Structure formats: C-alpha cells, structure tokens
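Colleague: Dropping the structure in here first, questions after.
The values are calculated or read from the model by the stated rules, or taken from the named source; none is laboratory data. Predicted, not measured: the structure shown is a model, and the values here were computed from it. In this analysis, Cβ positions are derived from the backbone assuming ideal geometry, glycine residues included, and neighbour counts consider all displayed protein chains.
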Amino acid sequence: MSVDNDQEISNQLKKYILKRIQEEPGQILYNRLLIWLFIQDKNFVAAIRQSISLDKRTGTEDTNIFGLADVAASNKNYDEAIKAYDYLIGKGKKDEYFGLASLQLMQMHYDRFMDEDILNPEHASELKEKFAKTFAVLGKSPVTTGLLTEYAHLLAFYLNQPKEAIQLLTEGLALPGINMQQMSAMKAELADLYVYSGDLWEAVISYSQVVESNKSTQLSDDVKLKRAKLGYYMGNFNWAKAQLDVLRASTSKLIANDAMDLSLFISENLESDSTAAPLKIFARADLHLFRNHFPEALAALDSVLNLYPGNSLIDDVDFRKAQIFQKQGKFDEAAVLLESIVKDHSWELLADDALFQLAGIYQNKLNKKDEAMKLYKKMLTDYPGSVYVVDSRTEYRKLQDAENKAGLPASTEEKK
C-alpha cells in the first residue's frame, strides 16, 4: 500500500474486507481491519462511524474510539473528532473515558479556534462558554491546569479581559497538588498577561522566575525567547540581541530560528540608523501586535513610513501589516502587500516568508490554486535554501495531484 498511488490496492482490499464481513459477521477482526484501512486513507468519517457501530455491538471499543478521536483532531478533522468525543461523553460520568474525552474535547475546541488565526470576538465568546461548561463538569484541579492557562489566554488576548485572566491564574497557582511544571506553565502565561496589561517590569520578573525554576528545559527556552522579545519591545535592543544570540544554540529548531531572525533584524536596522528611532516605533507596533491591538499596531507602522520615508524597514512594515490583515480576515489586502514584497524586495530576508504566505493565501483563502502552484514552484527555483522549500514542495505536489484527479490539464508552469 505504500506504493498505492492510485488507490487501486486500497479499493480492492476494501471490497475484500467488506465481503468477509458479510460472510463472517461474528469476526470483528475484519471490522478492525476496515477501520484501519479507513484511517490510512484519512477517511475519519467512515472510521469513526464504523468504530461507534462496532462499539454498539461489543461495548469494548472505548479505547479505540478515544485514540481515533485524538488522531482525527491532530489531523484537523475537528467535526469527526467531536462526534467521537461526544459519543464517549454520552455514555455518562461513570464511563472510564468520560473525563478524558471531556478534557480533550475542550482542548480540541481551543486548538480549532487558534488554528483560525483570526480575531473573531463572536467565536471567542462561544469558546468562553465552552470553557465555562467544561469547568462546571470537570472542576479546577491539577488535571485541568492546561485548560486554565488557555482559558486565561483567551480572556485577555481575545476578549480583552486581562484582570479576569490574571485572577483565574492566581487562583490556579493556589490549587493544591499542582507540580512544578504545571505551576511554571501558568506563571509563564501570567507573565504574558502582564505584558498585555502594560506591567512590563512585572513580566520581566515573572519570566526570570520561570527560567530559574526550569533550567535546561523546553519551557525555559520558550520563556527566554519571550523575555528577549520583551526587551526588544521595550527598546533595549543590545540586551535583547545578546539574549537572542545565546538562544540561537537552542536545541529547539523553532526557537533557534526565531531567535536568529529577530537578532538579524535588530542588527540590520541598528546598523542602518544609529538613533534606532524607526526601530523603536516598529518595536512598539510589534508590542501592539502581540496584544492583538491591531488599530494601534497599524497606526505605529504607518508612522514609521510617514516619519522616516525610505528607511530600511519598508518591507518589514508591509509584512507586519499583511500579518495584521490576515488576522482580521482581510486576505485580499494582505495579498497585495505580500505581492509588493515578492516583486519589489526579492533580495530581502523576508522575501521567501512573503512568498510562502502569499501562496498559502491563494491556496486556502482566495481559491487561486493555479497561482499558488506558480508561487510554490517559484520558491523551489528562486529560494532553494529557504526553510520553506520542503513545505512548498509538499503543497505543490498536493495541488498537482488534486488537479490531476480532477481531470484538468497540467498547468502552464508544469508543462514548462
């Protein structure tokens, strides 16, 4: 099946299994094999339906259904995951998986909301209600501290309720039985809330406490990066760069890359302007963006262009504004700005970032699949050393396969 590109083997196997199920209905082995086959095809609708149907016959499928729900959620098949979690929850509080399914269902709702990456107050309010119902069922305990942290983030950054969020985490830190890891995760979020609220020095202290308590851990590196960014927001560029340069050796590739990008950005713009005045305004815009305060961020970015026309931050301003427009759901406006970076600043550090984001907008938001394919191919040819090459090749092939399956002729670019 690993070389079953046209799914001929899969379809033959499916027919064979269905035939055996009809001939030997008592052998649940074939039902399990059919479910496995559906999972390989990422057909979670059929897999979950079959698992629930089998459980109604045998009453022994809770573990498999729960695992299948997690797999569906991780593959962003959220609606199917909800059906599986709801089925387990519907068995009642005495069921072994009631608590776990309730916990994971709420986690999935939060992940789904964050995947939207759009500031939508209506959706945020709906999610707040889901959190309230979940805590009413599960209570607040060491088991639910992860949800408490995410609930606090939602309250502050998406519903502008920082006081309520801080109070929630303060209560969470006082829960009996929480371990150091849980406490540190809540303290790290609490520091983020201080940044949101403008208590920047309190945030510095909280970040430092988390780092001190979690040396040589992933959380420590995450918080070190946040602390360095806070120094950048506050205009302490040399200090922030020194911290970022240390983090470039982080064991986490993502943190190392983020640290390197911000360090290079600071260096580049400090060298081009010894006063650092434009960079200070830009950093303030980034602080507003961190807080999801988009009008303030846009105003700061516009002031960079108005007060310092022709400075080295022009492409960076356009890129930040494109990010904000995407979070506002204004994808056409974002595409225009990204197109200008790809066209007029192709040599800049942000060029491949802009190209990849633009391709994603065309592919997933504006339904311009052919344009997306051209951009992904441009990434492969024009920026072969980019970190986006692997993902671009994957998305290009995905679009190409979809085009071929639809019976459409190959795109002009592919013919070339």
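Colleague: Before we move on, is residue 354 out of contact with any Gly (no Cβ under 7 Å at 6 or more places or on another chain), surrounded by 21 or more Cβ atoms within 10 Å (Cβ to Cβ) and either at pLDDT 95 or above or farther than 26 Å from residue 283 by Cβ (or both)?
Modeller: Criteria met by residue 354.
Colleague: Being surrounded by 14 or more Cβ atoms within 10 Å (Cβ to Cβ), without any contact (Cβ under 8 Å) to a residue 24 or more places away in the chain and not in a helix (DSSP H, G or I) is the filter here; which residues of the stretch 357-397 pass it?
Modeller: Residue satisfying the conditions is 368 alone.
Colleague: Which of the residues belonging to the stretch 55-72 are within 14 Å of residue 100 (Cα to Cα) and either not β-branched (Val, Ile, Thr) or not assigned by TED's automatic domain parsing to the domain that holds residue 30 (or both)?
Modeller: Once the filter is applied, which keeps residues that are within 14 Å of residue 100 (Cα to Cα) and either not β-branched (Val, Ile, Thr) or not assigned by TED's automatic domain parsing to the domain that holds residue 30 (or both), the stretch 55-72 yields 62, 64, 66, 67, 68, 69, 70.
Colleague: Just need a number here: residues in the stretch 63-79 that are surrounded by fewer than 21 Cβ atoms within 10 Å (Cβ to Cβ), part of a helix (DSSP H, G or I), within 21 Å of the chain's Cα centre (by Cα) and not β-branched (Val, Ile, Thr).
Modeller: Residues meeting the conditions: 4.
Colleague: On to the next question. Condition test on residue 124, is it within 24 Å of residue 38 (Cα to Cα) and within 22 Å of the chain's Cα centre (by Cα)?
Modeller: No; evaluated as a whole, the condition is false for this residue.
Colleague: Any idea which of 105, 100 is modelled with pLDDT of 95 or more, surrounded by fewer than 19 Cβ atoms within 10 Å (Cβ to Cβ) and over 24 Å from residue 192 (Cα atoms)?
Modeller: After applying the criteria, what remains is 100.
Colleague: Then there's this: Return the pairs, sorted by first residue and then second, in which the second residue is surrounded by fewer than 18 Cβ atoms within 10 Å (Cβ to Cβ), the first residue lies in the stretch 69-86 and is more than 9 Å from residue 105 (Cα to Cα), the beta carbons are less than 6 Å apart, and the residues are 6+ apart or on different chains.
Modeller: Within 6 Å, the pairs are 78/112; 80/45.
Colleague: Among the residues of the stretch 222-244, is there at least one that is touching a Gly at 6+ places or on another chain (Cβ under 6 Å) and of a type outside the set (Val, Ile, Thr)?
Modeller: Looking for residues that are touching a Gly at 6+ places or on another chain (Cβ under 6 Å) and of a type outside the set (Val, Ile, Thr), one finds at least one in the stretch 222-244, hence yes.
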